There are 2 protein chains.
Amino acid sequence: MTFVQQPLQSSPALLPLTDVTDAAACGSSVGRAAIAPADAEALARSLKALADPARLRILSIVGSHLDAEACVCDLTDVLTLSQPTISHHLKVLVDAGFLTRSKRGTWSYYRLVPGALGGVAQVLPGL
Amino acid sequence: MTFVQQPLQSSPALLPLTDVTDAAACGSSVGRAAIAPADAEALARSLKALADPARLRILSIVGSHLDAEACVCDLTDVLTLSQPTISHHLKVLVDAGFLTRSKRGTWSYYRLVPGALGGVAQVLPGL
DNA sequence: CCCATTCATCGACAAATGTCAATCTATGCG
DNA sequence: CGCATAGATTGACATTTGTCGATGAATGGG
């Protein structure tokens, strides 16, 4: 079970835990193991894709449509950004596994990947 | 009810919704309103603070301690980063409202802010 | 076949970010 | 007081990131 869709990355196990070798001097006792460095990097990549106002708005706009689908023109109408910039953000979100793209005719339609946001949300409180 | 502790920012309402003026040409129908630009920026700030492997590991290490408390030396032992860099990341997490700092003697102890991570996690799937 | 439309890609640029070495500030101990 | 230790700050640097204008690729219509 992976904690989030990561199409262009290796499938990260759910917090596989690091070594519990404590041996600190001033430190307090360790209750459980922390996140593995590789998983921290994978999760950080997902969060980095989300950590932008424009991209959050894009996800929200796509999700707010009845069919959970939106084309680029839906976004250029609302966002105060150039069309290339919006395309760039869309690419980031697709690469990170939060959106899918399907081209029909001249238009590109973007959809939310079900559970992608939830996957990230599920891991966070467990840190 | 705010969606996440944001000590140095204004208190953002929970997805206060933008205008539902659709009027698009190619676009599909709108089911509900999207996130407000100001809230997107606030949420992005929180996510930006989390979107770094070192900071995720720091949060996880602090949370993995039995008393949910750790000093800087606990982190310098484990992370392969210089002490100033770790102090920098700690400051970012404190400023974003995910950690609190309490100095006792020569040591600085950091604690997780209860519910801070959960607050972010709660909002994400609702986008 | 030519042109308009939709969107992606490229190149350039300024701003933000992560990192470290050097330094500064407390605090505790002889 | 003098020194050692823990940690924060500063300054510098390379890398990454967000943005745009210009251009390219594909599709549909007259």
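The values are calculated or read from the model by the stated rules, or taken from the named source; none is laboratory data. The structure presented is a predicted model; accordingly, all values stated were derived computationally and were not measured. Backbone-built Cβ (ideal geometry, glycine too); neighbour counts: all protein chains shown. Note: areas computed on protein heavy atoms with side chains; ligands, DNA, RNA excluded. Shrake-Rupley method; radii C 1.70, N 1.55, O 1.52, S 1.80 Å.
Placing a label point 7 Å from Cα along the Cα-to-Cβ direction at residue B:100 gives distances to the equivalent points in the other copies of 4.5 nm, listed shortest first. Here the contact order of segment A:37-122, divided by its residue count and restricted to Cα pairs under 8 Å and six or more residues apart, works out to 31 percent. Note on segment A:37-122: the C-alpha convex hull projects to 5.8 nm² when averaged across all orientations.
Placing a label point 7 Å from the Cα of residue B:85 along the Cα-to-Cβ direction, the residues of segment A:36-63 whose backbone N falls under 15 Å from that point are A:37-38, A:41. Once backbone amide H atoms are built at 1.01 Å from N, residue A:30 has B:66 as its partners under 5 Å, excluding neighbours fewer than 5 places away on the same chain. For residue A:103, a cut-off of 29 angstrom between C-alpha atoms picks up these lysines, skipping any fewer than 8 places away in its own chain: A:48, A:91.
Projected label points at residue B:66 and residue B:122, each 7 Å from Cα along the beta carbon direction, are separated by 3.1 nanometres. Comment: the Cα-to-Cβ extended label point of residue A:114, at 7 Å, lies 3.7 nm from its counterparts in the other copies, nearest first.
Counting, for every residue in B:116-124, the Cβ atoms of other protein chains within 10 Å of its Cβ and taking the mean gives 5. Position residue A:84: other-copy label points at 3.7 nm, ordered by increasing distance, label point 7 Å along Cα→C-beta. Between residue A:103 and residue B:107, the modelled label-to-label distance comes to 6.0 nm, taking each label 7 Å out from Cα in the direction of the beta carbon.
What's the local net charge at residue B:96, with K and R +1, D and E -1, over the other residues with C-beta under 12 Å away?
Numbers: positive: B:45, B:48, B:55, B:91; negative: B:52, B:95.
Net charge around residue B:96: +2.
The interface between chain A and chain B buries about 3700 Å² of solvent-accessible area in total (1.4 Å probe, ligands and nucleic acids excluded).
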